[in-house]
Structures are given as structure tokens and as C-alpha cells.
């Protein structure tokens, strides 16, 4: 069960990075987020998933 971002849906708002920087980061040169630690079980990762305004983050 890993955390994934649908890059087509990501709007680059940085909410996930602000809430959980140990799991998410912005891609250099792009306005999209990436997952640094897809296997994280940190509570902030679930908060970021729930807070994404584009619903672009999920666990698979």
C-alpha cells in the first residue's frame, strides 16, 4: 500500500508539502508535488491525502 499522486490532477497548491514535508516535496522546475516516501505511515500523510483540494493523492 503506497502513497501516489495523480500528476494530471495535481494543481501544485503545496498543501501536502506544508502538512507533511517528510513524505511530500515539490518537483524542481514544475508546479507539481511528488512523493518522497511512498511507504510512510505518518499520520500527516493521511491528513495531506484528506486535505488535497484536487483529490490527487491516494494510497494504492
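I want to verify a result. In a Gaussian network model of the chain, Cα cutoff 10 Å, which of these has the top mean-square fluctuation: 18, 47, 30? Comparing 18, 47, 30 in a Gaussian network model of the chain, the most mobile one is 30.
So what is the relative contact order for the chain, in percent, with contacts set as C-alpha pairs under 8 Å and at least six apart?
Values: 100 pairs, mean separation 27.9, N = 60.
Relative contact order here is 46 percent.
With Cα extents along the principal axes in Å as the read-out, I listed (i) 76, 32, 7; (ii) 30, 28, 15; (iii) 27, 19, 17; which label goes with the value calculated from this structure? Computed from these coordinates, Cα extents along the principal axes in Å corresponds to label (iii).
By the helix-only formula, in which each DSSP H run with n ≥ 4 contributes -39500 (n - 2.57) and the sum is divided by residues, the chain has a 222 nm mean residue ellipticity of -6000 deg cm²/dmol.
Computed from the coordinates by the stated procedures, all read-outs in this text should not be read as laboratory data. Since we're looking at a predicted model, the values are computed, not measured.
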